[in-house]
Amino acid sequence: MSAVCDVCGKGPSFGKKLSRTGRKALKRRVRSRTPRRFNPNIQRVRAKVDGTPTHLNVCTSCLRAGKVQR
């Protein structure tokens with residue numbers, strides 16, 4: 001399943017994972033930065049499109065906002 005919302009087009013974003021040194025690493029130095037991918041929370045939902053029920057890949061922010069009629 002793709003990580004793209006069919007309603008708003010939200011897709012994955014990219015960033016870094018920080019590896020910190022020592023115990024209680026909140027205020028310690030950053031040892032390394034590793035690239036990572038943040039996927040949106042995509043749910044497969046049965047929704048009505050033009051009066052006919054179809055399956056859509058929808059992010060949970062669109063579901064909570066009521067942009068999809070089930």
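Applying the selection to segment 61-70, what residues are within 15 Å of the chain's Cα centre (by Cα) and surrounded by 14 or more Cβ atoms within 10 Å (Cβ to Cβ)?
Within segment 61-70, S61, C62, L63 qualify.
Could you please find all residues in segment 2-34 being at pLDDT below 95, part of a loop (DSSP other than H, G, I, E, B) and either more than 24 Å from A65 (Cα to Cα) or among the basic types (K, R) (or both)?
Those that are at pLDDT below 95, part of a loop (DSSP other than H, G, I, E, B) and either more than 24 Å from A65 (Cα to Cα) or among the basic types (K, R) (or both): T21, G22, R23, K24, R28, R29.
Taking interchain pairs and intrachain pairs at least six residues apart, which have beta carbon atoms under 8 angstrom, with the first residue in segment 39-57 and closer than 10 Å to V4 by Cα and the second hydrophobic (A, V, I, L, M, F, W, C) and loosely packed, with under 12 Cβ neighbours inside 10 Å?
Listed by first residue and then by second, the contacts come to I42/M1; N57/M1.
Would you mind finding the one in R37, R44 that is touching a His at 6+ places or on another chain (Cβ under 8 Å), assigned to a strand (DSSP E or B) and not aromatic (F, W, Y)?
Only one candidate passes the filter, namely R44.
The values are calculated or read from the model by the stated rules, or taken from the named source; none is laboratory data. Everything quoted here is computed from the prediction, not taken from an experiment. FYI the Cβ positions are ideal-geometry reconstructions off the backbone, even for glycines, and counts take in every protein chain you see.
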